[in-house]
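Q: Attaching a single structure in structure tokens format; questions to follow.
Here, each number is a calculation from the coordinates, and none is a lab measurement. Bear in mind the structure is a predicted one, so any value in this text is a computation, not a measurement. Ideal geometry is used to build each Cβ from the backbone, glycine not excepted, and the neighbour counts take in all protein chains shown.
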Amino acid sequence: MSAVILYVDSDVGSRRTHKLLLESAGYQVLTAETVAEAYRIFSSAPTPDLVIAEYHVVEDANGIKLAAQLKSVRPELPVLLLSATEEPAGLEHVEAFVHKLEGPTVFLDKVQQLLKLRM
């Protein structure tokens, strides 16, 4: 059974691209456009093994706040934060950060590393 990944990003193009990339690597991918949608998915089956969140999620929250809230329920859940801008401060609730310009190889390597810690 493949790992389940929840990918949260308000940008439809980024969601689509990363979903295809992750599925081509053999993962089951659930996507959310908003923090509220991410909570709904997180609370239902299948439970994600990893959450990947864009730092700049549209709404009143960002990827770091989302990570903190999800970890209040599941502290062991690994979270990977993405951003197209500089690395933000306050990463204590995320296990890793990847800049979107680093490319698919770096991204997939980081996903694999985080899932190995979880499994």
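Q: Say each of GLU76 and GLN28 gets a label point 7 Å from the Cα, pointing the same way as Cα to Cβ; how far apart are those two points in nm?
A: So the label points at GLU76 and GLN28 sit 1.8 nm apart.
Q: Right, here's the next one. When the label point is put 7 Å from the Cα of SER10 along its Cα-to-beta-carbon vector, which residues of the stretch 36-59 have a backbone N closer than 15 Å?
A: Answer for the stretch 36-59: 36-38, 53-59.
Q: Can I ask one more? Using a basic spin-label model with each label point 7 Å from the Cα along Cα→Cβ, how many nm lie between ALA36 and GLU102?
A: The answer from the label model is 3.2 nm.
Q: From the convex hull of the Cα coordinates of the stretch 4-118, what is the mean projected area in square nanometres?
A: Taking a quarter of the hull surface, the average projection is 6.3 nm².
Q: So what is the 222 nm mean residue ellipticity for the chain from helices alone, if each DSSP H run of at least 4 adds -39500 (n - 2.57) and you divide by all residues, rounding to the nearest 500 deg cm²/dmol?
A: -12000 deg cm²/dmol
Q: Then there is this: With the Cα gyration tensor of the stretch 8-47 giving a ≥ b ≥ c as the square roots of its eigenvalues, does the rule (a/c under 1.5 for rounded; else a/b larger than b/c for prolate; else oblate) give rounded, prolate or oblate?
A: oblate
Q: Would you give the gap between the C-alpha center of the stretch 2-30 and the C-alpha center of the stretch 36-54, rounded to a whole Å?
A: That distance is 12 Å.
Q: Right, here's the next one. Under a point-charge model restricted to the Cβ atoms of Lys and Arg (+1) and Asp and Glu (-1), what is the dipole moment magnitude of the stretch 1-116 relative to its Cα centre, in debye to the nearest 20?
A: 300 debye
Q: Just to confirm a number: summing +1 for Lys and Arg and -1 for Asp and Glu over residues other than TYR7 whose beta-carbon lies under 15 angstrom from that of TYR7, what do you get?
A: -1
Q: Could I ask something else about it? What nm distance separates the two modelled labels at GLU92 and SER44, each placed 7 Å from Cα along Cα→Cβ?
A: So the two model labels end up 3.4 nm from each other.
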